[in-house]
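*Asks:* Below is one structure. I have some questions about it.
The values are calculated or read from the model by the stated rules, or taken from the named source; none is laboratory data. What you are looking at is a predicted structure, and each value in this text was computed from that prediction instead of being measured. Here Cβ is always computed from backbone atoms with ideal geometry, including for glycine, and neighbour counts include all displayed protein chains.
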Amino acid sequence: NIRYLNYRPLYHFSPDTMWMNDPNGLVYYDQEYHLFFQHYPYDKKAMNIHWGHAVSKDLITWTQLPIALPPEDAVAGIWSGSAFVDWNNASGFQKNHNTKPLIAIYTHQKHGHQEQHMAYSNDRGRTWTKYVNNPILPMHSIDSKSTEENDNILTLVHPVFRDPKVFYHYETESWILVVSGGTHVKFYRSDNLVNWKLMSEWGKEHYSKTHPGVWECPDLFKMETEQDKNVWVLIISINRNSVSGGSGMQYFVGTFDGVQFTLNSKSLNTSLWLDYGPDYYAGITYSDIPHYDNRRIMISWMNNWLYGRDLPTSVWCGQMGIPRSLKLYIDHYTNSYRLSQQPVIELYHYQRKLISFHRQMIHQGSNLLENILGVTYIITASFNLNTSIFNCQTCELGFQFRKSSENMKEYKEYTTIRYVPYNNTIYFDRSQSGETRFHSGFRTNYNITLDDEVFDKGLLKFQILVDRLSVELFINDGKYAFTALIFPDFNSQNMALFTNGADVMIDYADILLL
Ligand code: FRU
């Protein structure tokens, strides 16, 4: 079916064929970004999971390599985990003088029994050897009361002990492993990567009863702000009941001393959402990005466990969100720490054509982008809104993407992002975006109310990434992010920038066709 084949994303990673979920083992080594991923290579369904593998020089164009880690039999699974470079051969696994070992630490699961295993590679990730004395963290060290109370078929009712993320903690000169216990995370410490000691647990009191769901895929890393060089961000995925329904990602800001994580008073004692859309999950960040680069880069699975097994894609199922660079800042409106997110700069090297508008009035009912066609593109647009518009109840401005041509009378398709100044809210609507009926859980309408900064300053900036099956929205330099899948017809290539209720001046709008 030609229509389905056309959902293959252009600049987002998807496996050549078959099932994919979480990104795993994100590590940079010897000029290559590695992306391992939860993969079932024999079906479009999530069965016993393997680690698939892809490499890239720039995080945008990927080459898929053979399976990195297969499970030992048809009922075991190699679940999520991390990878890193063992620069000083702490593990003792190094074989070649000039090549550092890559270490993978992941969850081995069988009949619901989850434990942490290790594997290593001495050939730049091409082949892997499982450590002979696995597990490095056996199941019995966990609190068996933390069972899952979820409807995720993959994980049924078993104690949760999974998704280890390992990093080197310079301050205490030790390796730290953070892993999910379902309703909390656990921190372990090691000198040799093989023997681990439990240091602390965190989160039971923050595991919110208003968002029940299992915590998965934790990540912990240090960030700098202008005021403070030692702030730690703990990222957690929650597999249901998140901000947009189903799976979503939270973060907490605090300190970490090698033993325990403590929330910072400027983190408002609460969790924040990393992305407000329905399709951003299980994100983790890269290990071993060179110091001269110093970016904190995240990749996530662009999907949702609610309906993600039934996407109407052809020979594969699953795709990654655009790699994002994260920054921490103090938000003066809430006097709290926030993460901002931007697509990695490498994406912009793929620009094929640029169409720009400057200081132009958009008249009510007209469409500034009327004559532009595109399937895969980035829009950056900035408004300096007049204060009067915030008192107008019927005023709005917005965009439409993957819109069917006006000549198609009987078939109307489009995805809409609207901003209503009166209540300072962004509305996302994918109800007319194409295929929406493949699963009853595929909700189509979402909104985000922005904080008062936009009211006060009138500044509103959009960055919108459109690909064959997705829209990613970044507002005000990535202060808010929103990710959603769409399944439009390939021929729906029109777009719109519109206003209603008032004429609105645009500072600029750049359309980069990719
Ligand atoms: C998150 C997750 C992880 C688990 C993996 C299994 O999406 O449920 O917790 O390790 O997927 O594929």
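*Asks:* So is residue 393 within 24 Å of residue 504 (Cβ to Cβ) and more than 25 Å from the chain's Cα centre (by Cα) or not?
*Replies:* So residue 393 fits the description; yes.
*Asks:* Looking only at residues in the stretch 260-296 that are more than 21 Å from residue 25 (Cβ to Cβ) and outside any loop (DSSP other than H, G, I, E, B), which one is modelled with the lowest pLDDT?
*Replies:* 267
*Asks:* I'm trying to understand the selection: among the residues of the stretch 310-321, which are more than 15 Å from the ligand (Cβ to nearest atom) and over 17 Å from residue 436 (Cβ atoms)?
*Replies:* If the condition is that a residue be more than 15 Å from the ligand (Cβ to nearest atom) and over 17 Å from residue 436 (Cβ atoms), then 314, 315, 316 are the ones that fit.
*Asks:* Let me ask another. Being away from the ligand (no atom under 16 Å from the Cβ) and under 22 Å from residue 163 (Cβ atoms) is the filter here, so list the residues in the stretch 65-89 that pass it. Spell out how you get there, then give the answer.
*Replies:* Going residue by residue through the stretch 65-89, those that are away from the ligand (no atom under 16 Å from the Cβ) are 65-66, 72-73, 84-89.
Result: 72, 73, 84, 85, 86.
*Asks:* Starting from residues that are more than 16 Å from the ligand (Cβ to nearest atom) and surrounded by fewer than 16 Cβ atoms within 10 Å (Cβ to Cβ), keep the ones in the stretch 18-59 and report whichever is farthest from residue 128 (Cα to Cα).
*Replies:* 58
*Asks:* Only one of 283, 318, 277, 308 is buried (at least 21 other Cβ atoms within 10 Å of the Cβ), small (Gly, Ala, Ser) and in contact with a helix residue (DSSP H, G or I) (Cβ under 8 Å, 6 or more places away or on another chain); which?
*Replies:* Numbers: 283 fails: in contact with a helix residue (DSSP H, G or I) (Cβ under 8 Å, 6 or more places away or on another chain); 277 fails: in contact with a helix residue (DSSP H, G or I) (Cβ under 8 Å, 6 or more places away or on another chain); 308 fails: in contact with a helix residue (DSSP H, G or I) (Cβ under 8 Å, 6 or more places away or on another chain).
After ruling out the rest, the residue left standing is 318.
*Asks:* What is the residue count in the stretch 245-259 for residues that are within 16 Å of the ligand (Cβ to nearest atom) and either surrounded by fewer than 24 Cβ atoms within 10 Å (Cβ to Cβ) or at pLDDT below 95 (or both)? Write out each step before concluding.
*Replies:* Our first condition is that a residue be within 16 Å of the ligand (Cβ to nearest atom); within the stretch 245-259, this holds for 245-250.
Checking which are either surrounded by fewer than 24 Cβ atoms within 10 Å (Cβ to Cβ) or at pLDDT below 95 (or both) leaves us with 245-246, 250.
Number satisfying all stated conditions: 3.
*Asks:* Could we say that residue 75 is in contact with a Gly (Cβ under 8 Å, 6 or more places away or on another chain) and among the hydrophobic types (A, V, I, L, M, F, W, C) here? Don't jump to the end; show me each part of the working.
*Replies:* Details: in contact with a Gly (Cβ under 8 Å, 6 or more places away or on another chain): no; among the hydrophobic types (A, V, I, L, M, F, W, C): yes.
No: the conditions fail for residue 75.
*Asks:* Which residues, counting only those in the stretch 287-305, are among the aromatic types (Phe, Trp, Tyr) and buried (at least 24 other Cβ atoms within 10 Å of the Cβ)?
*Replies:* Filtering the stretch 287-305 down to residues among the aromatic types (Phe, Trp, Tyr) leaves 292, 301, 305.
Passing the criteria: 301, 305.
*Asks:* Could you please let me know if residue 194 is crowded, with 18+ Cβ neighbours inside 10 Å and touching a Phe, Trp or Tyr at 6+ places or on another chain (Cβ under 8 Å)? Before the answer, list the steps.
*Replies:* Values: crowded, with 18+ Cβ neighbours inside 10 Å: no; touching a Phe, Trp or Tyr at 6+ places or on another chain (Cβ under 8 Å): yes.
Judged against the criteria, residue 194 is not a match.
*Asks:* Can you name the strands (runs of 3 or more DSSP E) wholly within the stretch 1-99 that have at least 2 residues being more than 30 Å from residue 471 (Cβ to Cβ) and in contact (Cβ under 8 Å) with a residue 24 or more places away in the chain?
*Replies:* Output list reads 62-69, 76-85.
*Asks:* Just checking: which of the strands (runs of 3 or more DSSP E) contained wholly in the stretch 403-514 hold 2 or more residues that are among the hydrophobic types (A, V, I, L, M, F, W, C) and surrounded by 20 or more Cβ atoms within 10 Å (Cβ to Cβ)?
*Replies:* Working: elements: 415-420, 425-429, 445-449, 459-467, 470-475, 480-485, 494-500, 504-513.
Ranges flagged: 415-420, 425-429, 459-467, 470-475, 480-485, 494-500, 504-513.
*Asks:* Looking at (1) crowded, with 22+ Cβ neighbours inside 10 Å; (2) away from the ligand (no atom under 16 Å from the Cβ); (3) of a type in the set (A, V, I, L, M, F, W, C), which is the one condition that is false for residue 62?
*Replies:* Residue 62 satisfies every listed condition except (1).
*Asks:* Something else now. Looking only at the stretch 297-309, decide whether some residue is aromatic (Phe, Trp, Tyr), outside any loop (DSSP other than H, G, I, E, B) and either more than 16 Å from the ligand (Cβ to nearest atom) or over 26 Å from residue 32 (Cβ atoms) (or both). Full working, then the answer.
*Replies:* At the first step, the residues of the stretch 297-309 found to be aromatic (Phe, Trp, Tyr) are 301, 305, 307.
Applying the additional criterion that residues be outside any loop (DSSP other than H, G, I, E, B) yields 301.
Those left that are additionally either more than 16 Å from the ligand (Cβ to nearest atom) or over 26 Å from residue 32 (Cβ atoms) (or both): none.
No, the conditions are met nowhere in the stretch 297-309.
*Asks:* Here's another thing I want to ask about it. Mind counting the residues in the stretch 121-160 that are within 16 Å of the ligand (Cβ to nearest atom) and either at pLDDT below 95 or outside the structural domain of residue 239 (by TED's automatic domain parsing) (or both)?
*Replies:* Residues flagged as within 16 Å of the ligand (Cβ to nearest atom) and either at pLDDT below 95 or outside the structural domain of residue 239 (by TED's automatic domain parsing) (or both) within the stretch 121-160 amount to 17.
*Asks:* Tally up the residues in the stretch 174-209 that are of a type in the set (S, T, N, Q), part of a loop (DSSP other than H, G, I, E, B) and more than 23 Å from residue 131 (Cα to Cα), please. Don't jump to the end; show me each part of the working.
*Replies:* Here is the first cut: in the stretch 174-209, the ones of a type in the set (S, T, N, Q) are 174, 180, 183, 190, 192, 195, 200, 208.
From what is left, the residues that are part of a loop (DSSP other than H, G, I, E, B) are 183, 192, 195, 208.
Of the ones still in play, those that are also more than 23 Å from residue 131 (Cα to Cα) are 183, 208.
Adding up the residues that qualify gives 2.
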